[in-house]
1. Where does helix 41-51 land angle-wise versus the long Cα axis of the chain, in degrees 0 to 90, nearest 10?
2. Does the chain come out rounded, prolate or oblate by the C-alpha gyration tensor, with a ≥ b ≥ c the root eigenvalues, rounded set by a/c under 1.5 and, if not, prolate when a/b is larger than b/c and oblate if not?
3. Below 8 Å between Cα atoms, with a sequence gap of 6+, how large is the relative contact order for the chain in percent?
Amino acid sequence: MVETVRLEGYRLTFAAAGSGLATIFPEEGSHVDGVLWSLTGDCEKSLDLYEGYP
């Protein structure tokens, strides 16, 4: 982990009940807290494969 971050003007929501897939949508007055990670190229490829991208 590199640092904690806050994204103002967005809210966290889940794609479908029980799916565990999260996304964010614009919403005035809301915020999303998170963390910023530093990944190696190999870790990024593994994450892309896990998430089905592309």
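Taken together, the values in this text are just the output of simple stated rules run on the coordinates, not laboratory data. Only a predicted model underlies this, so the values are computations on that prediction, with no experimental measurement involved.
1. 60
2. Numbers: a/c = 2.81, a/b = 1.34, b/c = 2.09.
Judged from the Cα gyration tensor, the chain comes out oblate (a/c at least 1.5, b/c at or above a/b).
3. Details: 69 pairs, mean separation 21.0, N = 54.
In percent, rounded to a whole number, it is 39.
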